[in-house]
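The next block holds one structure in the form of structure tokens; read it before the comments.
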Amino acid sequence: MPTLEKPLTQHLRTDGTPLDLDAYEQAGGYQGLRKALQMSPAEVTETVKRAGLRGRGGAGFPTGVKWSLVPMGAGAPHPKYLVANADEMEPGAFKDRRLLEGNPHQLIEGMIIAAYAIEADVAYIFLRWAYRQAQEALSRAIAEATERGYLGREILGSGHGLKMILHVSAGRYICGEETALLNALEGKRANPRAKPPYPQTVGLWGKPTVVNNVETLCNIPHILKNGADWFKGLSRTKDGGTKLYGASGKVKRPGLWELPMGTPAREILEEHAGGMRDGLRFRAAIPGGASTEFITDAQLDVPMDFDALRTVGSRLGTGTMIILDDQTCPVGLLWNLEQFFAQESCGWCTPCWSGLSWVEQVLGAMERGEGEEKDLEILREQTKFMAPGNTFCALAPGAMEPLASGLNYFCDDFKRHIDEKRCPWRMNGDTLR
Amino acid sequence: MLSPEEKKEIEAEFTHYPTKQAVCIDAMKVVQKHRGWVSDEALRDVAALLDMAPDELDGIATFYNRIYRRPVGRHVILLCDSVSCWIMGYERIRGALMERLGIRLGQTTADHRFTFLPNVCLGACDRAPVMMVNEDLHLDLKTEKIEKILEEYS
Ligand SMILES: Cc1cc2nc3c(=O)[nH]c(=O)nc-3n(C[C@H](O)[C@H](O)[C@H](O)COP(=O)(O)O)c2cc1C
Ligand code: SF4
Ligand code: FES
């Protein structure tokens, strides 16, 4: 049984004010960096590999493996780049925000270590526009870290330097996709790039670049400080560490909790979120932000980790659950999700930009009571047209995950909309616009 | 013409990126900070400073949600219309705001006091429904709270 340590969040203050450098150091901060600097870059990467850390940005790619794809040594192209992905625009996801606002030095330390491991010269934090508090906290923390010699030409006299820059985005969901993010940083429209080549070899301005999620990077100082075995021991499954899990919707206590990786959804829902509000029943959950498949009561005992959720046809994604109750219309919810995806499609490829707006309109018509029998077939077809591999990036397949599973689970609710020519949940004269 | 201050702030960004073009989003945000929005004229001036074609810069400006190419009111209200806020009563809050402001989403009040815009998830889903007015986040919105919140902005 794992211990109940919470390395990522243990020092977050309840009033939300960020830890300054002194407070962070007192809490053991920058010890991981000091240790890393005693090791070779390859040893740092090896430690992260052994720890079993998988990326927390959604796809779950092993972090150490990603780093080891970067060309190293005297022959490697420079400058090399590290980017912290702090875009977090996925609806229903709100985990990185807490780390950015509450403990900016934890991210900065993780980034310095990651940059050391891949011999990067410049690091960018790609921050979403709406996170004003995080912007302030990060600017101050970068200045503090520079002043104390953790950043700059010579990090703690190691002979290794790092320049860190905060880039505040102008807002568009696709910017979170790692190759689109690179275009955004270069001052272009954020259309995704073709892969391969992967950013690890050809990234920002054609140079090797690693993009990692904020939560991923925040784990790094603790892995270096406490070791790979300690990190593995935090987890209930083979993927190491803890995970930030969240729940929003009509539960008694919506919130965010750091728990052992692999904590079952039911435990999160009932113990941490306090169960459903009085008078409401649990219907389904989207486990990891807007682009994951629904799970129902039958799957609630599945551990929330990368592999286990796969076995029940869903995905961990961001680990922040959106809870659907029995008095909220599933068709309306899906319409809301698909409106988001249709609006945020970057327009680069046809199946996505025309498919998503079609899906959105069909769902809207159903919700208004104008749905027809053939609409269900159209929606099912679209989930196939936008399946993985049929579009240029993962936005459209992601948009289809809740829809495809929703068409399965809520078949009767769709049918009622069509047969009754109205939304059964909007009977009291609720307006749509 | 860009003001000397705007120019200085934009040029300070040059050290952060290896190309001038990479500064373009920051540059438009500098202009927007000073003027509220990015006019055609300002866009041309920024493009000239960055050695870009105005059309190219416009293509980038219109891609991003938070670059305003039309004037906005003194206070911008961004109401989250994403999934958790929708579950928690977004439509009621939207209705209350439309009624109170006398405008629809996308519009500006006649006195230029408020511009009312939809916005995707603001990353505070556990405190839904949520809106931002200028820099301030307002959490756990209830229709009864709207009047009092708007009073803070004259
Ligand atoms: C449409 C789209 C949006 C994404 N948004 C984010 C995001 O906001 N933050 C994030 O870390 N990853 C996001 N990702 C995943 C990234 O592409 C990338 O996998 C991740 O940043 C890698 O970091 P990790 O290996 O540490 O998980 C998004 C992917 C897609 C397809
Ligand atoms: S799938 Fe959608 S978001 Fe991705 S490249 Fe194609 S149009 Fe753009
Ligand atoms: S859905 Fe509204 S803040 Fe996330």
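The values are calculated or read from the model by the stated rules, or taken from the named source; none is laboratory data. Since the structure is predicted, the reported quantities are computational estimates derived from the model, not experimental observations. Here Cβ is always computed from backbone atoms with ideal geometry, including for glycine, and neighbour counts include all displayed protein chains. Accessible surface areas use protein heavy atoms only, side chains included; no ligands, DNA or RNA. Shrake-Rupley method; radii C 1.70, N 1.55, O 1.52, S 1.80 Å.
Annotations for the structure displayed:
- Excluding ligands, DNA and RNA, the accessible surface per residue across chain A is 37 Å² with a 1.4 Å probe.
- Most fluctuating residue given options B:Gln107, B:Gln21, B:Gln32, as computed from a GNM of chain B linking Cα atoms under 10 Å: B:Gln21
- More than 17 angstrom apart: percent of Cα pairs within region A:89-131: 41
- Listed cross-link partners A:Lys35/A:Lys95; A:Lys80/A:Lys195; A:Lys207/B:Lys33 are compared with a 22 Å cut-off, the Cα-Cα value being larger for A:Lys35/A:Lys95; A:Lys207/B:Lys33.
- Surface accessible to a 1.4 Å probe, per residue, for the residues of chain B, Å²: 45
- When accessible surface is computed with a 1.4 Å probe, chains B and A are found to bury approximately 4000 Å² between them, both chains counted.
- Highest-fluctuation residue, A:Leu82, A:Leu333, A:Leu403 considered, GNM on chain A with Cα pairs under 10 Å: A:Leu333
- At least 20 Å² accessible surface lost relative to isolated chain, residues of region A:118-148 (1.4 Å probe): A:Tyr124, A:Arg128, A:Trp129, A:Ala130, A:Arg132
- Each Lys or Arg adds one and each Asp or Glu subtracts one; over the other residues with Cβ under 15 Å from the Cβ of A:Gln343, this totals -3.
- Computing Rg and the Kirkwood Rh from the Cα coordinates of the protein assembly as shown gives a ratio, Rg/Rh, of 0.96.
- Helical mean residue ellipticity (222 nm; -39500 (n - 2.57) per DSSP H run of 4+; nearest 500) of chain A: -12000 deg cm²/dmol
- Of the GluC sites (Glu not before Pro) found in region A:132-175, the ones in coil according to DSSP and having at most 13 other Cβ atoms within 10 Å of their Cβ are A:Glu154.
- Cα gyration tensor shape for region A:144-227, rounded if a/c is under 1.5, else prolate or oblate: prolate
- For region A:281-433: rounded, prolate or oblate by the Cα gyration tensor [a/c cutoff 1.5]: oblate
- Table column - 3J(HN,Hα) (Hz), region A:375-385, Karplus curve with 6.51, -1.76, 1.60, x for Gly and Pro: 4, 4, 5, 4, 5, 4, 4, 4, 4, 7, 4
- Relative to the longest principal axis of the Cα atoms of chain A, the long axis of helix A:214-226 lies at roughly 40 degrees.
- Gyration tensor verdict on region A:71-225 (Cα atoms; rounded if a/c is under 1.5, prolate if a/b is larger than b/c, oblate otherwise): oblate
- Dividing the alpha-carbon radius of gyration of region B:78-131 by the rule-of-thumb value 2.2 N^0.38 Å gives 1.12.
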